Amino acid sequence: MSLVNTAIKPFKAQAYQQGKFIEVSNEDLKGKWAVFFFYPADFTFVCPTELGDLADHYGEFQKLGVEIYGVSTDTHFTHKAWHDTSDTIGKVQYALLGDPTATLSRNFEVLREDQGLADRGTFLVDPDGVIQFVEVTAEGIGRNAEELLRKIKAAQYVRAHPGEVCPAKWEEGEATLAPSLDLVGKI
């Protein structure tokens, strides 16, 4: 079953962010856009390239009113150690949530039960706590922050403009579509 258009489940998690340990819960998301960015493990190979890419674009996410939450089944202590020892992860300003009990990974249906690791899953949550976008890839396939930004802009546009949809490759400022009987068979 797809998680698109479903509400996120309640959670509380310990996180590392900008030199501090913090608690993050579903209550913190109310009224805000959020991206949950699951990855298999700290101190690995593809994961730091993805987290670094998000860090390089973090200001753009912030301008859109979107908070990023990196999540793995590691602890918040491990996240701090990785942040302190990796130049790439040292750039990360968004929260890195620890999920050692795999509660979040199970809630978002990305847990590999036999390994205790999360798949590469990206989830966009709207200000009502409803999942608007899901992407899950195999472990060897890294994700792209610029493509994620494009999809967020499309989701925000559609939310702000009921009755309009964003076609393939839509970029901010381009034409949208208004689904109607007149368009059937003409696209």
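The values are calculated or read from the model by the stated rules, or taken from the named source; none is laboratory data. Keep in mind that this is a model prediction, so the values were computed, not measured. Cβ sites come from the backbone with ideal geometry, for glycine too, and all protein chains shown count toward neighbours. Protein only, heavy atoms only, side chains kept; ligands, DNA and RNA dropped before computing areas. Shrake-Rupley method; radii C 1.70, N 1.55, O 1.52, S 1.80 Å.
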**OP:** Considering (1) outside any helix (DSSP H, G or I); (2) aliphatic (A, V, I, L, M); (3) at pLDDT 95 or above, say which one Met1 fails and leave the rest.
**Re:** (3)
**OP:** Could you list, in sequence order, all residues of region 95-125 that are farther than 27 Å from Gly19 by Cα and basic (Lys, Arg)?
**Re:** Arg106, Arg112
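Within region 132-140, is even one residue out of contact with any Gly (no Cβ under 9 Å at 6 or more places or on another chain) and among the aromatic types (Phe, Trp, Tyr)?
We begin by selecting, within region 132-140, every residue out of contact with any Gly (no Cβ under 9 Å at 6 or more places or on another chain); these are 132-133, 138-140.
Next, only the ones that are among the aromatic types (Phe, Trp, Tyr) stay: 133.
Yes, region 132-140 contains at least one residue that is out of contact with any Gly (no Cβ under 9 Å at 6 or more places or on another chain) and among the aromatic types (Phe, Trp, Tyr).
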Original post:
When you go through Val134, Val125 one by one, which is the residue that is of a type in the set (Val, Ile, Thr), touching a residue at least 40 places away in the same chain (Cβ under 8 Å) and more than 18 Å from Glu50 (Cβ to Cβ)?
Top reply: Val125
**OP:** May I ask you to verify whether Glu146 is of a type outside the set (S, T, N, Q), assigned to a loop (DSSP other than H, G, I, E, B) and loosely packed, with under 15 Cβ neighbours inside 10 Å?
**Re:** no
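What number of residues in region 24-41 are in contact (Cβ under 8 Å) with a residue 40 or more places away in the chain and either of a type in the set (Lys, Arg) or not in a strand (DSSP E or B) (or both)?
8
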Original post:
Which one is nearest to Thr101 (Cα to Cα) among residues in region 42-53 that are in a loop (DSSP other than H, G, I, E, B) and touching a residue at least 12 places away in the same chain (Cβ under 8 Å)?
Top reply: Asp42
Original post:
Here are Lys186, Lys169: which of them is part of a loop (DSSP other than H, G, I, E, B), within 30 Å of Ala55 (Cα to Cα) and either modelled with pLDDT under 95 or in contact with a helix residue (DSSP H, G or I) (Cβ under 6 Å, 6 or more places away or on another chain) (or both)?
Top reply: Lys169
Original post:
Pick from region 47-105 the residues that are farther than 21 Å from Lys153 by Cα and among the charged types (D, E, K, R): which of them is surrounded by the most Cβ atoms within 10 Å (Cβ to Cβ)?
Top reply: Asp99
Original post:
Considering only region 4-15, how many residues are assigned to a loop (DSSP other than H, G, I, E, B) and open to solvent by 70 Å² or more (accessible area, probe 1.4 Å)?
Top reply: 3
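With respect to Lys12, determine if the residue is in contact (Cβ under 8 Å) with a residue 12 or more places away in the chain and either farther than 25 Å from Asp87 by Cα or basic (Lys, Arg) (or both).
Judged against the criteria, Lys12 is a match.
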Original post:
Which residues, taken from region 149-187, are more than 23 Å from Gly31 (Cβ to Cβ), open to solvent by 70 Å² or more (accessible area, probe 1.4 Å) and within 24 Å of the chain's Cα centre (by Cα)?
Top reply: Ala168, Lys169, Glu171, Gly173
Subject >> Answer residue from region 106-134, given it is acidic (Asp, Glu) and more than 24 Å from Lys153 (Cβ to Cβ) and is most open to solvent (accessible area, probe 1.4 Å) among those >> reply: Asp114
